[in-house]
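The values are calculated or read from the model by the stated rules, or taken from the named source; none is laboratory data. Remember, predicted model here, so these are calculated numbers, not experimental data. For neighbour counting, all protein chains shown are included, and Cβ atoms are generated from backbone atoms with ideal geometry for every residue, glycine included. To get the accessible areas, we keep the full protein, side chains included, count just its heavy atoms, and leave off ligands, DNA and RNA. Shrake-Rupley method; radii C 1.70, N 1.55, O 1.52, S 1.80 Å.
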Amino acid sequence: MRNTDEYPISTTEEREAVVATAGAAPEEDWVIVTRGLKREYDMGGEVVRALRGVDLAIRRNEYVAIMGPSGSGKSTLMNLIGCLDTPNDGEYWLNGQLVSAMSDDQLARVRNKEIGFVFQTFNLLPRATALHNVELPLVYAGVPGEERRRRAEEALERVQLGARMLHKPNELSGGQRQRVAIARALVNRPSILLADEPTGNLDSTTSEEIMKVFEELADQGQTVIMVTHEPDIAAHARRVIVLRDGVIASDDKRSAFTQKVGL
Amino acid sequence: MTMRHTDVVASALEQIRANKLRSFFTLLGIIVSVTFLVAVVAIIQGMNAYVRENLASAVIGSNAFQVRRFPIQVGLIDDEIFRRYARRPKITPSDARAVRAAIPDAQAVSLQSGWPTPTSDVVWREREQDDIPVFGVTADYQVVQDYKFSGGRPLSDLDVREKRPVAIVGADVADKLFEGVDPVGKDMRIGGSLFTVVGVVAKKGRVLGQSFDAFVMIPITQFEMMYGRRSTNTISVKMREAKDVAGAMQRAEEAMRIAHRLRPSQENDFSVETADALIAFWEQLTKVLFSVIPAVVAIGVVVGGIVIMNIMLMAVTERTREIGIRKAVGATARDIQKQFLAESIALAAMGGMIGVAVGWLFAMGIAAISPLPARVTLWSILLAVGLGAGVGVLFGVYPASRAAKLDPITALRAE
Ligand SMILES: Nc1ncnc2c1ncn2[C@@H]1O[C@H](COP(=O)(O)OP(=O)(O)OP(=O)(O)O)[C@@H](O)[C@H]1O
Ligand SMILES: [Mg+2]
């Protein structure tokens, strides 16, 4: 494992400065900025406060892991960042644009162009081939057939699945499925790659393979945010955020984190 | 930045293909209704064409018209009008003479017994043919009908005037009753009375399964002695050229009014009609059928549409997760709506097309094994496919908008 400190990450001061002024559009370099982000679920009178005000700033090219106990709000935060869900309160700026004020159609466009989402359960279309699954975001982007196919093939090559393009998900191993999902997430060249427990359904060897893919992507400059339970998976990232009870408990360089958990 | 139309259609067809059997059963209602529509319309249209092209002139004669007591449409009128017709006087031989005198350029003016035609058993030696229609005619009737004779001679004016017991027979009677023997000159019994066969009418063929060759024809004077004077005697007038028919009809009308001593204020107490009246009568009949078909088809199509809607609602539920995935990678509500709508339209239109094909085969099959002719028309095909697509839109909108409204994260969590 390389020393993380050779990668430049945003400093605590920089982040605090960006988050401080409510309503201010952050500079270009900040891919994600949230201010006081809240998400509550109304469970028949009882309100579950999944996120109680998250201030988060992530700069381009950062590779961030989000950790925290079960129920701390990790998935909720990822779904908000991924525009799959909308907050009850707070601001969410993506690439300098206020996502929390967007219409459904604009959100669909953002999901299509700016976000690549990788799920724990892969979420592939079971009847479609790997190739078609990867083409899907391009279908909704209105990319014509030939170019679509070429780009989907490229994306699959990138995750070493060039030989399995015409297989359906049930003809692929878990690791291969997840790589199809990663190819799909990358095919439209999103500004962030989000992964909610991408290795949660994989054994440790396969998990390492997937982490290698993420590592390479991060090296190539892809902004990556990944949720995980496992410290040794989180240790691949260059910055680790810990959520507790719907708020950020800590946010630090990997080196600080690994020292803390004793890796 | 939305889905391309080709992709929308491709994905709809892919879904239908992936669920072939279910798609087929979904379509059954539409297929059956459209099959019915196409087949029945084809047969009615075929019969219309047949009546127009063959039957009408076969019954009335070409370049001919009739002076009748009752109009041809008598079958479709109400009791009130019927009672008025019933008060009309019978058509008499003197009426026929008056018409003849008024139209000296007519090729033929005949008087013949009208509907209903009596039938009698016809006997020659020990052979017998039961229930053969017997017509009483004047000699000119054979000209009106363009009869060709395969043997012997036609009935003559003298036969009629002298009330001679002579007869001409249709080809069927000649073949079956006399079987190989030349009937000309033979004596046969018609309903017990003795008649000498003087001629055999050449084969005319069948119309709508009805033979035009099974008849015997005798002088109307003889006929009236046997069966009494028919209340439906009819005068037929044949002109040499079609262009003369209209003028001749007018002269016939005037002659009849004079013969019946009608004052100018009085209505005609007879009807003057061409084959057009028969065609009109037929078309009136089929119009009744045409007005029933839409109702039957509409019921079938609505039921078919509801089935499609149900299946699509089921598909939305079943494919909630798929919808979630599609939304997660950037599908808009419109994209999802389009995809599901395209699916139901494609389904229903496909049902329409299958229905057209099956209906076509059906119509052709019926035409092949029965005397009913069939003619598949473009409008019924367009109507059927359009109907299918319309049903797809109508019953597809609701399931499609349900799918479109799904929230991405809830859809993704669905199991
Ligand atoms: N759709 C929902 N309806 C009601 N409550 C929800 C819903 N989704 C999440 N919650 C609640 O919000 C809180 C945060 O959930 P979340 O899924 O974000 O946790 P998590 O950190 O991802 O946990 P895990 O590590 O188990 O995946 C939990 O208390 C959860 O019960
Ligand atoms: Mg979670």
| query | Expressed as an acute angle from 0 to 90° and rounded to the nearest 10, what is the orientation of the C-alpha long axis of helix B:5-18 relative to the principal long axis of chain B? | reply | 80
| Over all residues in A:182-189, what is the mean tally of Cβ atoms on other chains that come within 10 Å of each residue's Cβ? | 1
| query | What's the FRET efficiency of B:Glu415 with B:Arg52 using the Cβ-Cβ distance as r and R₀ = 60 Å, to the nearest 0.05? | reply | 0.40
| request: Determine, from the Cβ-Cβ distance of B:Asp157 and B:Leu378 and an R0 of 56 Å, the FRET efficiency 1/(1 + (r/R0)^6), rounded to the nearest 0.05. | output: 0.60
| said: Once you order the gyration tensor axes a ≥ b ≥ c over the Cα atoms, which shape class does the stretch B:113-208 get: rounded for a/c under 1.5, otherwise prolate or oblate by comparing a/b with b/c? | reply: rounded
| said: Whole angstrom only: what separates the Cα centroid of the stretch B:96-114 from the Cα centroid of the stretch B:1-54? | reply: 55
| Can you list the residues, at least 5 places off or on another chain, whose amide H is less than 5 Å from the amide H of A:Val118, using H built in the peptide plane? | A:Leu194, A:Ala195, A:Asp196
| query | When the chain is fully extended, how far beyond the present Cα-Cα distance does B:Phe82 get from B:Asp182, taking 0.36 nm per residue of separation? | reply | 31.4 nm
| task | Mind checking the full-extension length gain between B:Glu283 and B:Arg240? Use 0.36 nm per residue of separation minus the Cα-Cα distance, one decimal, nm. | result | 12.7 nm
| For B:Glu267, what charge total do you get from the other residues with a beta carbon under 13 Å from its beta carbon, if Lys and Arg give +1 and Asp and Glu give -1? | +3
| said: Check which residues have an amide H placed less than 5 Å from A:Ile32's amide H, if you skip close sequence neighbours. | reply: A:Ile58, A:Asn95
| query | So for the stretch A:14-74, what percent of the C-alpha to C-alpha distances run longer than 12 Å? | reply | 73
| Calculated from backbone phi, Karplus (6.51, -1.76, 1.60) coupling profile of the stretch B:230-244 in Hz, x at Gly/Pro | 6, 7, 10, 3, 10, 9, 10, 10, 10, 9, 6, 10, 4, 5, 7
| Given a cut-off of 27 Å, what percent of all Cα-Cα pairs of chain B lie beyond it? | 65
| remark: Spelling it out for A:Asn61: with amide H atoms placed in the peptide plane at 1.01 Å from N, the residues 5 or more places away or on another chain with amide H under 5 Å from its amide H are A:Thr223
| remark: Asked for the total accessible area buried by A and B (1.4 Å probe, Å², nearest 100), one would answer 2200
| Using 7 Å Cα-to-Cβ label points, what is the B:Val302/B:Thr92 separation (nm, one decimal)? | 5.9
| Nearest 10 degrees, 0 to 90: helix B:93-102 Cα axis against chain B principal axis | 80
| request: Step through the residues of the stretch B:112-124 one at a time and calculate ³J(HN,Hα) from phi using the Karplus curve (6.51 cos²θ - 1.76 cosθ + 1.60, θ = phi - 60°), rounding each to whole Hz and writing x for Gly and Pro. | output: 9, 5, x, 5, x, 6, x, 10, 9, 7, 10, 10, 9
| field | Nearest 10 degrees, 0 to 90: helix B:378-405 Cα axis against chain B principal axis | value | 20
| said: Once you place label points 7 Å from the Cα toward the Cβ at A:Glu208 and B:Ile293, how far apart are they in nm? | reply: 7.5
| What nm distance separates the two modelled labels at A:Lys260 and B:Trp115, each placed 7 Å from Cα along Cα→Cβ? | 10.2
| message | Can you give me the C-alpha center-to-center distance between the stretch B:343-373 and the stretch A:134-213, rounded to a whole angstrom? | response | 46
| remark: Given unit charges at Cβ for Lys, Arg (+) and Asp, Glu (-), the dipole magnitude of the stretch A:1-103 about its Cα centre in debye, nearest 20, is 280
| Ignoring ligands, DNA and RNA, what accessible area per residue does the stretch A:1-128 give at 1.4 Å, in Å²? | 46
| note | Computed from the beta carbon distance with a Förster radius of 30 Å, FRET efficiency for A:Ala22 and A:Arg189 to the nearest 0.05 stands at 0.45
| said: Let me spell out the model: positive unit charges on the Cβ of Lys and Arg, negative unit charges on the Cβ of Asp and Glu, origin at the Cα centre of chain B. What dipole size does that give, in debye rounded to 20? | reply: 820
| field | chain B, helix-only ellipticity at 222 nm - DSSP H runs n ≥ 4, -39,500 (n - 2.57), divided by all residues, nearest 500 | value | -18500 deg cm²/dmol
